[in-house]
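Note sheet for the following structure.
None of the figures in this text is laboratory data; all of them are computed from the coordinates on show. Keep in mind it's a predicted model, so treat the numbers as computed, not measured. No Cβ is skipped: glycine too gets one built from the backbone with ideal geometry, and neighbour counts run over all protein chains shown.
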Amino acid sequence: MTIRTLITAGTLAALSATTALADVKVGMITTLSGGGAGLGIDVRDGFMLAVEQSGRGDIEVIIEDDQRKPDVAVQLADRMIQSEQVDILTGIVWSNLAMAVVPSAVAQGKFYLSPNAGPSALAGRGCDPNYFNIAWQNDNLHEAAGAYANDAGYTNSFILAPNYPAGQDALMGYKRMYDGELGGEIYTQLGQTDYAAEIAQIRASDADSVFFFLPGGMGISFLKQYADSGVDLPVVGPAFSFDQGILQAVGAAALGVHNTSQWSKDLDNPTNVAFVESFQAEFGRLPSLYASQGFDTANLMISAMEVADVDDQDAFRAALEAADFDSTRGEFAFGPNHHPVQDIHVRKVVQEGDIFTNVIVATALTDHADAYAAECQF
């Protein structure tokens, strides 16, 4: 699938006529089909909304579907770099795809701005001056969940996540902050939809709580099956397991669950209030954290374009590092490895009319940086 020049909705397509003489060409590789499509669609829509709102006619965006396959993502990136001659790459949701694409892209002198995937390998020894993560390092939201579990008095968590880089980072992050014992630890298959065996192990354990990281369709499947199982242990997780798209599919089974996020629709700052309102007006749905990350990624890029030419890599890199843009999160800054230093909040799933959503109830970690920055040497 190829979507060119600012096409995400009818009102966005009107801008395409202005891109023939584009000064900055962006290659967006993201997931637009299959079980993870909702995540990529939200990244895309948030990014393109920011481009539209900027009013700029010097940005061309080439959008491709990676089908959640590393080999497809690599082929797309190679074509975008060699044939399309993009200046900036962005869009990847899944960490295994990021690990397949990012090192080669930055080695070829391209900027990569990550709106989601933040594998530990790219935050530490594998960092690069041209790689920026605008979301979080993979461990971060899970570290906050571990901190919350301590505050909630949980002492024997059963933990599970898919067996890929982000899943491994997730369980590592939770255990880094969590003080209790483990009632069990399982790595599931990426893309798995049947969790009967895992739920049986939870039932047979002596756990007092369940922590899981299962984004997209995986989270929908697990939550529905868990609710039907009759297992009544309290559940905690990162926002990826309780995000806007998942909640609408799961419904009342998720009510009252606590989860951790650097963003929420009810963050009370002018940029976020305007973003939530404009996104809902444009697309007819509430934004997710993926949409907010796409929106912030585009606005970071645009802020750098205001003061530097992308062809002047040193100047453009310095402009990105300054992060002089209004984030949906409020305050935003990069650490020395180009990953965010930010607050991470505790949210609770609630129902507002017919909509299931999240509201902030606490802050788990303040000005939190990742654990790998010291390993990064530019």
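Annotation: for a label point projected 7 angstrom from Cα along Cα→Cβ of ASP151, residues of the stretch 253-284 with backbone N closer than 20 Å are 255-269.
Shown for the stretch 54-171 is the translational diffusion coefficient from the Stokes-Einstein equation, using the Kirkwood radius over Cα pairs, a temperature of 37 °C and a viscosity of 0.692 mPa s: 208 µm²/s. The alpha carbons of the stretch 137-186 occupy a box of 29, 22, 12 Å along the principal axes, longest dimension given first. Here the convex hull built on the C-alpha positions of the stretch 207-333 has a volume of 140 cubic angstrom per residue. Computed over the chain with a Gaussian network model linking Cα atoms closer than 10 Å, the most mobile of ASP309, ASP228, ASP326 is ASP228.
Approximating the spin labels as points 7 Å out from Cα along Cα→Cβ, the GLN201-to-ARG125 distance works out to 2.9 nm. Over the chain, dividing the summed -39,500 (n - 2.57) contributions of all DSSP H runs of at least 4 residues by the number of residues returns a 222 nm mean residue ellipticity of -11500 deg cm²/dmol.
Its alpha carbons considered, the chain gives a radius of gyration followed by a Dmax of 19.7, 63 Å.
How would you order 185-193, 334-342 from highest to lowest mean count of nearby Cβ atoms within 10 Å?
Details: 185-193: 15.4, 334-342: 22.1.
With the highest mean Cβ count within 10 Å placed first, the list reads 334-342, 185-193.
Taking 0.36 nm per residue of sequence separation and removing the Cα-Cα distance, the VAL350/ASP268 pair yields an extension gain of 27.7 nm.
Here the stretch 76-107 and the stretch 355-376 have alpha carbon centers that stand 27 Å from each other. Can you list the aspartates and glutamates whose alpha carbon is less than 13 Å from that of LYS175, not counting same-chain residues fewer than 8 positions off? Within reach: ASP139, GLU143, GLU185.
Among the listed pairs LYS110/LYS348; LYS69/LYS224; LYS69/LYS110, those with a Cα-Cα distance over 29 Å are LYS110/LYS348.
Shape of the stretch 123-233 from its Cα gyration tensor (a ≥ b ≥ c, root eigenvalues): rounded if a/c is under 1.5, otherwise prolate when a/b > b/c, or oblate? Judged from the Cα gyration tensor, the stretch 123-233 comes out oblate (a/c at least 1.5, b/c at or above a/b).
Counting only alpha carbon atoms, the long axis of helix 37-54 and the longest principal axis of the chain meet at about 40°.
Length gain on complete extension for the stretch ASP314 to TYR187, per 0.36 nm per residue less the alpha carbon to alpha carbon distance? Walk me through the numbers before you get to the answer.
On the way: separation 127, 0.36 × 127 = 45.72 nm, distance 4.14 nm.
Separation in residues times 0.36 nm, less the Cα-Cα distance, equals 41.6 nm.
Positive end of the dipole of the chain (Cβ unit charges, origin at the Cα centre): among GLY183, GLY256, ASN358, the Cα lying farthest that way belongs to GLY183. With respect to the chain, whose longest principal axis is taken over its alpha-carbon atoms, helix 140-152 is tilted by about 30°.
For PHE111, the residues 5 or more places off, or on other chains, whose built amide H falls under 5 Å of its own are LEU89.
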